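Some notes on the structure that comes next.
The values are calculated or read from the model by the stated rules, or taken from the named source; none is laboratory data. As the structure is a prediction and not an experimental result, all values here were calculated from the model. Virtual Cβ from ideal backbone geometry, glycine too; neighbours counted across all protein chains shown. These area figures cover heavy atoms from the full protein model, side chains too; ligands, DNA and RNA do not enter into them. Shrake-Rupley method; radii C 1.70, N 1.55, O 1.52, S 1.80 Å.
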Amino acid sequence: MMKTGLLSALAFSFAAGAIAWPAHAALDTGLAVPVEQVSATALAEIKALAMQGNAQARYVLGTVHENGLRGPKNAVEAVYWYRKAAEQGHIEAQAQLGWMYGKGQSQGQGVPQNQSKAEEWLRKAAEQGHATAQHNLALLHIYGQGTVKNDVEALAWFRKAAEQGNVQSQFNLGTMYASGQGTAQDFGAALDWYRKAADMGYAPAQYRLGSSYKQAQGVPQDFGEAVKWFRKAVEQGDGNALNTLGVMYLRGQGVAQDYSEALNLLRKAAAQGHTDAQNNLGTAYAKGQGVAQSYSEAVAWYRKAAEQGNALGQLNLGLSYTNGWGVAQSRSEALDWYRKSAGQGNTDAQSNLGLVYAQGEGVPQDASEAVRWYRKAAGQEHAPGQYYLGVMYASGQGVVQDPGEAAKWYRKAAEQGHADAQNNLGTAYAKGQGVPLSYSEAVNWYRKAAEQGNAFGQLNLGFRYALGQGVAQSHSEGANWYRKAAEQENAEAQTQLASMYANAQGVPQNYSQAVHWYRKAAEQGKADAQNNLGLMYASGQCVAQSYSEALRWFRRAAVQGEAGAQNNLGWMYVNGMGIARNPVIACALYNLAAAGGFAKARINRANVTRTLSPMQLAEAQALSDDWKVGQPLPARTTTWPVP
């Protein structure tokens, strides 16, 4: 069964892993006091030494000019002196010169950006054991800047720096082990390096260590330990930690649920421009968590996140436009934001785009385009995308109909716990569509869906118990599952449950309950339930007999093409029950019922035909030939009463 609603994310988001950015080389002048405290006389002596070729003095002059310690900053002059010292093998100068080439003039560094030159000077310092240079050289290998991209080489340089206590390299080494970049994935090794950096007070590592405990990566899941490390990072103002700890307060994970503290933390992160926190604040407002529910306030936060490129913020803003939550409903705006989010690989947005094209909401209906987006989401193991792709293969929309492909995609989604896919895979087994017919396998998948509360799974499991297909026949168990689905307003289940009450199958006979459930299904437009409710009014079973009510329900069902109702309405016309007798209309209705496969209608038609003239028969035939499902039923004739 294909769902028509869009996937509502309104989800909380967390920061992904990332490599730490380049580090500035530490200033080590070799002086007994800081440069800014050196007297003018001493500085003059340093300049004299530099002019005479003293490498350390030249390096010190570079730091003076770079940092404006004795006058205005002068990056060009700083580069001049760093180069002089570096060419003499001065390790600090080499590291600093490499860093300045990496940043370039656009960032005020006194030389045009030149990553090859950066790599050259950083390598010289790195090979002499300079930890910061080793770290920055590793980054050049990570990004392939100034050298060939080489994750293995990057890992080696990060390790050298990390073993000297460089916290950024320790952090990055942990990140590479966690992602399997340049090495085999090893969460335990990642954890060891995160802990080293975290113990030295490096906030990103504290955050990542907390995340490892939260997500059970390399350690057993421990929300309390996660909170401990997040708090340490929060104390340093780390935006990722502020955001994640805020969400944990919202959910009561590792801490007592506290909406006030959650919002306090999220606001601090959002004020830093943290887009996940902005999105999460929007979700808190949309759900009324700790604040008065306000879709307009939610939209304001979603927009902040979305305009900075946050994919979940873009998705949620799209959903807001789709549903008119806090903004004027706009399919075109929704589509624009879904596209932005989907373009970043957000699978919910990709599936939503598929639904938009499948249903033609704000765009021309295009099944092929729908399939394209479903396939993108499905390829990322997105269960709803896999399910919808299965639906398209099953129905042949946008692709050549292929029950085998449909079953394949249903299975992928079903194995991830997608209840609709589990139900549909069960139906594939029950009908032998794309898989060998197997009622036991059908029951297996129906049960998985049913136990998640899926109404169609419950209905279909009820069918199998009632029929004894794949399980021992049990009308009581069938009634049990029908009831679960019926209570979720599933009209077919309501009809089946009503029938069981009427016929004492699996439940004690109870016409009052039969009427109750037939009525619920009938009011949802279920034609066979409308017909059965009409029969109960016609016979006065547990309701006051009422031919007018019977006629009303028979008509509603007959208009939908329900053959039994067409036959019953014909019977009312033949006998003038609640309506003026008219055998010509009755004959037309019997024609329709007989054409619909209702066998008794043929007998009833034969009986009424004997009473009609050729002209009346011709009119009855014309009335039935002209009628189409959904059109008003025949109500007037020219040959009856006889003129």
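Between Ile603, Phe230, Ala40, whose Cα lies farthest towards the positive end of the dipole of the chain when Lys and Arg beta carbons carry +1 and Asp and Glu beta carbons carry -1, centred on the Cα centre?
Ile603
Taking only protein heavy atoms into account and a 1.4 Å probe, give the accessible area per residue of the chain in Å².
Per residue, the chain has an accessible area of 43 Å².
Over segment 556-643, what per residue volume does the convex hull of the Cα atoms give, in whole Å³?
81 Å³
Can I get the semi-axes of segment 29-160's equivalent ellipsoid? Compute them from the C-alpha gyration tensor as square roots of 5 times the eigenvalues, in angstrom, largest first.
So the three semi-axes of segment 29-160 are 29, 15, 11 Å.
Name the shape class, rounded, prolate or oblate, that the alpha-carbon gyration tensor gives for segment 541-592, where a ≥ b ≥ c are the square roots of its eigenvalues, rounded holds for a/c under 1.5, and otherwise prolate holds if a/b is larger than b/c and oblate otherwise.
Note, shape of segment 541-592 comes out oblate.
Once the cut-off is 11 Å, how many percent of the Cα-Cα pairs in segment 456-508 end up in the long-distance tail?
So the pairs more than 11 Å apart make up 59 percent of the total in segment 456-508.
So what's segment 514-561 giving for Cα Rg divided by 2.2 N^0.38 Å, two decimals?
Its radius of gyration relative to the 2.2 N^0.38 Å reference: 0.98.
Might you work out the accessible area of Asp192 for me, using a 1.4 Å probe with all protein chains in place, and round it to the nearest 10 Å²?
Roll a 1.4 Å probe over it and Asp192 shows about 90 Å².
Report the FRET efficiency, 1/(1 + (r/R0)^6), for Gln185 and Val219, where r is their Cβ-Cβ distance and R0 is 22 Å, rounded to 0.05.
0.90
With +1 on each Lys and Arg Cβ and -1 on each Asp and Glu Cβ, and nothing else charged, work out how big the dipole of the chain is about its Cα centre, in Debye to the nearest 20.
Roughly 1240 debye, rounded to the nearest 20.
When ranked by the protection proxy of mean other Cβ atoms within 10 Å per residue, highest first, what sequence do the peptides 532-539, 397-404 form?
The packing order, highest mean first, is 532-539, 397-404.
Can you tally the net charge around Gln278? Count Lys and Arg as +1, Asp and Glu as -1, for every other residue whose Cβ sits under 11 Å from the Cβ of Gln278.
Here the count lands on +1.
Work out from phi, with θ = phi - 60° and the Karplus expression 6.51 cos²θ - 1.76 cosθ + 1.60, the ³J(HN,Hα) of each residue of segment 189-194, listed in order in whole Hz, and give x for Gly and Pro.
5, 4, 4, 4, 6, 4
How would you rank 73-86, 628-641, 544-557, 320-333, highest first, on the average number of other Cβ atoms within 10 Å across their residues?
73-86, 544-557, 320-333, 628-641
So how much slack lies between Ser330 and Cys542, counting 0.36 nm per residue of separation and subtracting their Cα-Cα distance, in nm?
Residue separation times 0.36 nm, minus the Cα-Cα distance, leaves 71.4 nm.
Expressed as a whole percentage, what fraction of the accessible surface of the chain belongs to carbon and sulfur atoms when a 1.4 Å probe is rolled over the protein heavy atoms?
Here it works out to 49 percent.
Report Rg(Cα)/(2.2 N^0.38 Å) for segment 412-457, keeping two decimals.
This ratio for segment 412-457 stands at 0.99.
Based on the Kirkwood radius over alpha-carbon pairs, what value in µm²/s does the Stokes-Einstein equation return for the translational diffusion coefficient of segment 377-468 at 25 °C and 0.890 mPa s?
Result for D is 194 µm²/s.
What percentages make up the Cα-Cα pair-distance distribution of segment 319-426 when the bins are 5 Å wide from 0?
Values per bin, smallest distances first: 3, 15, 21, 23, 18, 12, 7, 2, 0.
Once the mean 1/r over all distinct Cα pairs of segment 182-261 is inverted, what Kirkwood radius in angstroms do you read off?
12.5 Å
Within a Cβ distance under 13 Å of Gly396, other residues only, what is the Lys/Arg minus Asp/Glu net charge?
Once positives and negatives cancel, what remains is -2.
Whole-Hz ³J(HN,Hα) for each residue in segment 323-328, computed from phi via Karplus 6.51 cos²θ - 1.76 cosθ + 1.60 with θ = phi - 60°, x for glycine and proline: what do you get?
Rounded to whole hertz, the list is 9, x, 8, x, 9, 5.
How large is the Kirkwood hydrodynamic radius of the chain, counting all unique pairs of alpha carbons, in Å?
31.1 Å
Which loop-located GluC sites (Glu not before Pro) does segment 138-245 contain, where loop means any DSSP state but H, G, I, E or B and the Cβ has at most 14 other Cβ atoms within 10 Å?
Answer in residue order: Glu163, Glu235.
Name the shape class, rounded, prolate or oblate, that the alpha-carbon gyration tensor gives for segment 266-334, where a ≥ b ≥ c are the square roots of its eigenvalues, rounded holds for a/c under 1.5, and otherwise prolate holds if a/b is larger than b/c and oblate otherwise.
Oblate is the answer for segment 266-334, as a/c is 1.5 or above yet b/c matches or exceeds a/b.
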